[in-house]
Amino acid sequence: VKLWRDGACECTIDAHPESEVGGIAIAVLPDGAGFVTCTCCDETNCNLKLWSFDGKLKRRWTDLVDVDLNCVAALPDGVHFVVGLGNREVRLYNVDGTLVHTFEGHDEAVRSVAVTPDGQHIISGSSDAFVKVWSVASKSLVSTCAGHDGWILAVAAMPDGQRFLSGASDTVRVW
């Protein structure tokens, strides 16, 4: 991971040296609170880490064994983030290490997550071709959106907080 400011690299972090294959996802926490990285290189070697912007490791989660980490998104409060997992779960964490809630309802791996600008809803896209919207406050499913024919690989909340996008191999949709 390289941290850049004004076109210059300020810091290089060997964030996941154990990763030889697999992707990595990064979510920046608001107000300079740091950033979260996740990677998976095989089914037993997945890592979720919290970093400060000076490159110091603040926390490593150890409860993610035998599960693929596919994506991460930060909530605007600066103390929570959400991860999408290969075991069909969406997990909400506190930066202090606490698992706040596990959202269940997808039939296949969660491939993408996003959070609305107000932090009230989590959006998840899955290999099951469904997009789900979850309430952070009530910890419940708000809606399921059907219409894609393939894996949902990207979701994004619109700035107005009323709409969101989902992208799959077949199309991009506005909901």
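The values are calculated or read from the model by the stated rules, or taken from the named source; none is laboratory data. From a predicted model like this one, the values you see are computed outputs, not experimental measurements. When we count neighbours, we look across all protein chains shown, and the Cβ atoms used for this are built from the backbone with ideal geometry, even at glycine. Note: accessible area is taken over every heavy atom of the protein model, side chains too, but ligands, DNA and RNA are not part of it. Shrake-Rupley method; radii C 1.70, N 1.55, O 1.52, S 1.80 Å.
Tell me, in nm to one decimal, what length is gained between Thr98 and Leu3 on full extension, where the rule is 0.36 nm per residue of separation less the Cα-Cα distance?
Extra length from Thr98 to Leu3 when fully extended: 31.6 nm.
Using Stokes-Einstein with the Kirkwood hydrodynamic radius over Cα pairs, what translational diffusion coefficient do you get for the range 53-103 at 37 °C and a viscosity of 0.692 mPa s, in µm²/s rounded to a whole number?
My calculation gives 280 µm²/s for D.
Using unit Cβ charges (K, R positive; D, E negative) and no other charged atoms, how large, in debye to the nearest 20, is the dipole of the chain about its Cα centre?
For the chain, the charge dipole is close to 400 debye.
Return the equivalent ellipsoid semi-axes of the range 73-167 as a descending list in whole Å, where each equals the square root of 5 times an eigenvalue of the C-alpha gyration tensor.
20, 15, 11
Straight-line reach only, C-alpha to C-alpha below 16 angstrom: list the aspartates and glutamates that Lys49 could link to, leaving out same-chain residues fewer than 8 apart.
Asp14, Glu18, Asp63, Asp68, Asp96
Of all the stretches in the chain, which is the longest one without any exposed loop site, taking GluC sites (Glu not before Pro) in a DSSP loop (any state but H, G, I, E, B) with at most 15 other Cβ atoms within 10 Å?
109-175
If the cut-off is 23 Å between C-alpha atoms, which lysines fall inside it for Lys56, apart from same-chain ones fewer than 8 positions away?
Lys2
With every protein chain kept in the model, how would you rank Trp151, Trp61 by accessible area, 1.4 Å probe, largest at the top?
Trp151, Trp61
Given q = 0.08, 0.12, 0.18 Å⁻¹, what are the Debye log10 I(q)/I(0) values for the chain, with equal point scatterers placed on the Cα positions and solvent ignored?
Listed by q, the Debye log ratios stand at -0.23, -0.53, -1.17.
Please turn the phi angles of the range 158-163 into ³J(HN,Hα) values with the Karplus equation 6.51 cos²θ - 1.76 cosθ + 1.60 (θ = phi - 60°), one per residue in order, whole Hz, x for glycine and proline.
6, x, 6, x, 9, 10
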